[in-house]
1. Based on the Cα gyration tensor of the chain, what are the three equivalent ellipsoid semi-axes, each the root of five times an eigenvalue, rounded to whole Å and given largest first?
2. If you place +1 on the Cβ of every Lys and Arg and -1 on the Cβ of every Asp and Glu, how big does the dipole about the Cα centre of the chain come out, in debye to the nearest 20?
3. Tell me the per residue accessible area of the chain using a 1.4 Å probe; a whole number in Å² is fine.
4. So for the stretch 1-77, averaging the separation of alpha carbon pairs under 8 Å that are six or more residues apart and normalising by length, what relative contact order in percent results?
5. What percentage of the solvent-accessible surface of the stretch 1-44, computed with a 1.4 Å probe over protein heavy atoms, is contributed by carbon and sulfur atoms?
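The values are calculated or read from the model by the stated rules, or taken from the named source; none is laboratory data. Since the model is a prediction, treat every value here as computed from it, not as a measurement. Neighbour counts are summed over all protein chains in view; Cβ atoms, including those assigned to glycine, are modelled from backbone coordinates with ideal geometry. Just so you know, the surface numbers come from the protein's heavy atoms only, side chains and all, with ligands and any DNA or RNA stripped out. Shrake-Rupley method; radii C 1.70, N 1.55, O 1.52, S 1.80 Å.
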Amino acid sequence: MTKTAGKIIEVYLPDAYQNGSLLDVMDRTNVGFKIMTKEGLKDIVLEVNETNAQIMKNDNVVIIEKDMCGSHFVDIGIAKDDSYE
């Protein structure tokens, strides 16, 4: 498991398609984050949940990456301190 500190640069709703047609913004279930870290810019797209729905532009966050059973999982949460400036 690795943790990386960063700052949200942009929050966006990525394009989503169903049966070849672009879904309306209100029907999309993913949210995207552009995050500036010490290693550079990271673009992360996640399914919306209660935790990541509260993350806004300029928030300090922690990116948590894990590999389990051959799958790679990524999650982000609001940093509890000012770990990225």
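1. Working: eigenvalues 115, 52, 24 Å².
Each semi-axis is √(5λ); the values are 24, 16, 11 Å.
2. On the way: 9 positive and 15 negative charges, 36 e Å.
About 180 debye.
3. I get 72 Å² per residue for the chain.
4. Values: 133 pairs, mean separation 28.1, N = 77.
The value is 36 percent.
5. Working: 1510 of 3040 Å².
Carbon with sulfur: 50 percent of the solvent-accessible area.
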